[in-house]
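The following block contains the structure, expressed as C-alpha cells.
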Amino acid sequence: MYLLQRMKKIKLFLLALLFVVKSLSGQNYDIVIKGGHLIDPANNLDQPLDLAIMGNKIVAVEKAISSKQAKKIIDASGLIVSPGLIDMHTHNFYGTVHNRYLANSFIAVPPDGFTFRSGVTTVVDAGSPGWRNFELYKSQIIETSKTRVLCFLNIVGDGMSGAHREQHIEDMNPRMTAMIAKQNKDHVVGVKLAHFMGYDWTPTELAVGAGKLGGIPVMIDFGGSSPELPLDKLFLEKLRPGDIFTHAYAHVNGRTPIVGEDGKVRDYVFKAQKRGIVFDVGHGGGSFLFEQAVPAMEQGLKPDVISTDLHTGSMNGGMKNINNVMSKFLNMGLSIQEIIAATTSKPAKFIQRKDLGHLSVGGLADVTLINIRNGNFGFIDTRGKRMKGNQKLECELTIKDGKVVYDLNGLASSDWK
C-alpha cells in the first residue's frame with residue numbers, strides 16, 4: 001500500500017513538473033499570431049490556426065495557442081496568414097553607373113525599400129548580374145540587404161547592362177556561369193537569358209547548357225527576332241521541364257504571344273505547361289496585357305508563378321507591387337489559395353529552395369499577414385488599359401527570420417498609453 005501511494009505521489013509530481021516545464025517553455029515564445037486564417041499550400045493547410053515563433057523559427061502551428069505563452073501577441077483576426085512572399089522576378093542591382101540599364105544602375109532598385117511593405121521576404125533577381133560582375137553584386141546588394149536576395153545569373157558576363165552589351169554571344173560562357181553558380185550556391189538559383197535580338201538559337205542553347213552544368217533552371221525572356229523564333233520549338237524542344245518562361249502574358253515585337261489573334265491559347269502552350277515548362281508572370285513595365293491574361297485565364301492557362309519584374313520602369317506604372325499583381329489575378333478568377341501558392345511554395349520549388357515558402361514547424365519564421373479589402377478598384381496593364389475589380393490584397397505585417405520588419409497598422413505594437 002505504501003509503495004502504491006508513493007508511486008502515485010511520484011506520478012503526480014512528474015505531471016506537475018511536466019506542466020511547469022511546458023508553461024516555462026511557452027513563456028519563451030517570442031511571437032504568437034492568433035486568430036488568423038492560415039494558408040500554407042506546401043503543407044495543405046487552409047484553416048484558422050495560431051502560429052508561434054521562437055527566435056528565427058516557427059515552433060508551433062495549432063488550433064489554439066494560449067495568449068499567456070508569448071512575449072508578443074499579434075491579433076490576425078480577419079487576415080490571411082501566409083508564408084513570406086517570394087518575388088521570383090526582380091531587378092535589384094542598384095548602382096550609380098550611367099548607361100548600364102539594370103546592372104549597377106539607377107533603374108534597378110535596392111530591395112529593402114520595396115519588399116517588406118508588400119509582404120516579400122525573398123527576392124530573386126532575374127539576371128541583373130552576370131558571371132563577370134556577380135562578386136560586386138554580392139557585396140553591394142546581397143550582403144547589405146535585410147531582404148533575402150537570391151539570383152538568376154545572366155548568361156552574359158556583364159549581366160543586364162543593356163544595348164549592344166547583351167548581344168555579345170562571345171560573352172555568353174556556360175562554363176564560367178556554372179562555375180560561379182556552384183561557388184555561390186547559397187545565392188545563385190538559376191541562369192537567365194534576356195534581350196537578345198536575332199534569329200539565332202545559340203544564346204538559348206548556351207543558357208540551357210549553363211543550367212545543365214550547374215544543375216539549376218533557366219529563366220528566359222524570349223523574343224526580339226524578325227522573323228520570330230518559333231515559340232513551340234522553344235517550349236517543346238529547347239527548354240527542359242522546370243525551366244521558366246517569363247513575361248507569360250506579354251505581347252511584344254519579336255515574340256509570338258501565347259494567345260493568338262483568334263482569342264485562343266495556342267495548343268502547344270498547354271502542352272508546354274503539362275510538360276513542365278514554368279509560366280512566370282514577370283509583369284514589368286511592358287510585359288502584361290489583359291488582352292492576353294484574361295482569355296488565357298478563362299481557358300485555363302493559369303500562371304505557375306506570380307512575380308513583378310520590379311524596377312523603376314514598372315513600379316510606378318501598371319505593376320506597382322506584388323500585392324497589386326496578385327490582386328489582378330484574384331479579380332480574374334484565381335483563388336486566394338492559388339495566389340498564395342504562386343507566390344510562396346511554387347517559386348520555392350522551382351528555384352530548388354526547400355527551406356522557403358512554407359510555415360512548417362522547425363522552418364524559417366518568414367510570415368506575411370494579408371488583408372483582403374472589398375470595394376471598387378481599378379487595375380492597369382502595361383498599355384494603360386483598365387480592368388475593374390472588387391477585391392484588393394494589402395500587406396498588413398511582415399515577419400522575416402522571426403522579426404517584425406513591416407507593420408502597417410501597428411498590430412505588433414502596444415498602445416502608447
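Looking only at the range 189-205, count how many residues are closer than 14 Å to LEU234 by Cα, open to solvent by 40 Å² or more (accessible area, probe 1.4 Å) and either touching a residue at least 40 places away in the same chain (Cβ under 8 Å) or β-branched (Val, Ile, Thr) (or both).
Selection size over the range 189-205: 1.
In the range 23-50, what count of residues is obtained for those that are exposed (fewer than 14 other Cβ atoms within 10 Å of the Cβ), part of a helix (DSSP H, G or I) and either in contact with a helix residue (DSSP H, G or I) (Cβ under 9 Å, 6 or more places away or on another chain) or modelled with pLDDT of 95 or more (or both)?
Selection size over the range 23-50: 3.
Can you name every residue in the range 150-188 that is buried (at least 24 other Cβ atoms within 10 Å of the Cβ) and not in a helix (DSSP H, G or I)?
The answer is CYS151, PHE152, LEU153, ASN154, ILE155, VAL156, GLY159, MET160, SER161, MET172, VAL188.
Follow-up. Taking the range 232-266 on its own, how many of its residues are part of a loop (DSSP other than H, G, I, E, B) and without any contact (Cβ under 8 Å) to a residue 12 or more places away in the chain? Break it down stepwise before answering.
Keep residues of the range 232-266 that are part of a loop (DSSP other than H, G, I, E, B), which gives 239-243, 246-258, 260-264, 266.
After this cut, where a residue has to be without any contact (Cβ under 8 Å) to a residue 12 or more places away in the chain as well, the list is 260-262.
So the answer is 3.
Right, here's the next one. Within the range 298-308, does at least one residue satisfy the condition of being in a helix (DSSP H, G or I), touching a residue at least 12 places away in the same chain (Cβ under 8 Å) and buried (at least 23 other Cβ atoms within 10 Å of the Cβ)?
Checked the range 298-308: no residue is in a helix (DSSP H, G or I), touching a residue at least 12 places away in the same chain (Cβ under 8 Å) and buried (at least 23 other Cβ atoms within 10 Å of the Cβ).
Specify which of the listed residues (SER145, SER139) is under 20 Å from LEU356 (Cβ atoms) and among the small types (Gly, Ala, Ser). Before the answer, list the steps.
Values: SER139 fails: under 20 Å from LEU356 (Cβ atoms).
Going through SER145, SER139 in turn, just one is under 20 Å from LEU356 (Cβ atoms) and among the small types (Gly, Ala, Ser): SER145.
What is the number of the single condition among (1) more than 22 Å from ALA348 (Cβ to Cβ); (2) under 22 Å from the mean Cα position of the chain (by Cα); (3) charged (D, E, K, R) that ASP158 does not meet?
Every condition holds for ASP158 apart from (2).
With respect to the numbered conditions (1) open to solvent by less than 30 Å² (accessible area, probe 1.4 Å); (2) of a type in the set (S, T, N, Q); (3) in a loop (DSSP other than H, G, I, E, B), which one is the sole condition not fulfilled by GLN292?
All conditions are met except number (3).
Quick check on my filter: what residues within the range 314-334 are small (Gly, Ala, Ser) and buried (at least 17 other Cβ atoms within 10 Å of the Cβ)?
Correct list: SER314, GLY317, GLY318, SER327.
So which residues in the range 230-253 are open to solvent by 10 Å² or more (accessible area, probe 1.4 Å) and aliphatic (A, V, I, L, M), if there are any at all?
Those that are open to solvent by 10 Å² or more (accessible area, probe 1.4 Å) and aliphatic (A, V, I, L, M): LEU236, VAL252.
Kindly provide the set of residues from the range 134-160 that are of a type in the set (Gly, Ala, Ser), in contact with a Phe, Trp or Tyr (Cβ under 6 Å, 6 or more places away or on another chain) and within 19 Å of PRO110 (Cα to Cα), ordered by number.
If we filter the range 134-160 for residues that are of a type in the set (Gly, Ala, Ser), which is where we start, we get 139, 145, 157, 159.
Within this subset, residues satisfying the condition of being in contact with a Phe, Trp or Tyr (Cβ under 6 Å, 6 or more places away or on another chain) are 157.
Of everything in the range 134-160, nothing turns out to be of a type in the set (Gly, Ala, Ser), in contact with a Phe, Trp or Tyr (Cβ under 6 Å, 6 or more places away or on another chain) and within 19 Å of PRO110 (Cα to Cα).
Something else about it: Can you tell me which residues in the range 214-226 are modelled with pLDDT of 95 or more, in a loop (DSSP other than H, G, I, E, B) and on the phi < 0 side of the Ramachandran plot?
As a first pass, look at the range 214-226 and keep what is modelled with pLDDT of 95 or more: 214-222.
Narrowing further to those that are in a loop (DSSP other than H, G, I, E, B): 215-217, 222.
Residues satisfying the conditions are ILE216, PRO217, PHE222.
Taking the range 80-103 as the region of interest, how many residues are more than 20 Å from the chain's Cα centre (by Cα) and surrounded by fewer than 24 Cβ atoms within 10 Å (Cβ to Cβ)? Give the steps one after another, and end with the answer.
Here is the first cut: in the range 80-103, the ones more than 20 Å from the chain's Cα centre (by Cα) are 95-101, 103.
If we keep only those that are surrounded by fewer than 24 Cβ atoms within 10 Å (Cβ to Cβ) as well, we get 95-101.
Qualifying residue count for the region: 7.
Only one residue in ALA70, ALA64, ALA126, ALA76 is under 29 Å from ILE336 (Cα atoms) and open to solvent by 10 Å² or more (accessible area, probe 1.4 Å), so which one is that? Walk me through how you get there before you give the answer.
Values: ALA70 fails: under 29 Å from ILE336 (Cα atoms); ALA126 fails: open to solvent by 10 Å² or more (accessible area, probe 1.4 Å); ALA76 fails: open to solvent by 10 Å² or more (accessible area, probe 1.4 Å).
Exactly one of ALA70, ALA64, ALA126, ALA76 is under 29 Å from ILE336 (Cα atoms) and open to solvent by 10 Å² or more (accessible area, probe 1.4 Å), namely ALA64.
Another question, then. Report the residue count in the range 24-61 for those that are within 17 Å of ASP366 (Cα to Cα) and either without any contact (Cβ under 8 Å) to a residue 40 or more places away in the chain or β-branched (Val, Ile, Thr) (or both). Outline the logic, then answer.
Taking the range 24-61 and keeping what is within 17 Å of ASP366 (Cα to Cα), we get 29-34, 36-43, 45, 49-61.
If we keep only those that are either without any contact (Cβ under 8 Å) to a residue 40 or more places away in the chain or β-branched (Val, Ile, Thr) (or both) as well, we get 31-33, 39, 49-50, 52-53, 58-59, 61.
The total comes to 11.
In the range 62-82, is there at least one residue being without any contact (Cβ under 8 Å) to a residue 60 or more places away in the chain and within 20 Å of ILE372 (Cβ to Cβ)? Steps first, please.
Residues of the range 62-82 without any contact (Cβ under 8 Å) to a residue 60 or more places away in the chain: 62-71, 73, 77.
Checking which are within 20 Å of ILE372 (Cβ to Cβ) leaves us with 77.
Yes: one or more hits.
The values are calculated or read from the model by the stated rules, or taken from the named source; none is laboratory data. The structure presented is a predicted model; accordingly, all values stated were derived computationally and were not measured. Every residue, glycine among them, receives a Cβ derived from its backbone with ideal geometry; neighbour counts consider all protein chains shown. For accessibility, only protein heavy atoms count, side chains too; no ligands or nucleic acids. Shrake-Rupley method; radii C 1.70, N 1.55, O 1.52, S 1.80 Å.
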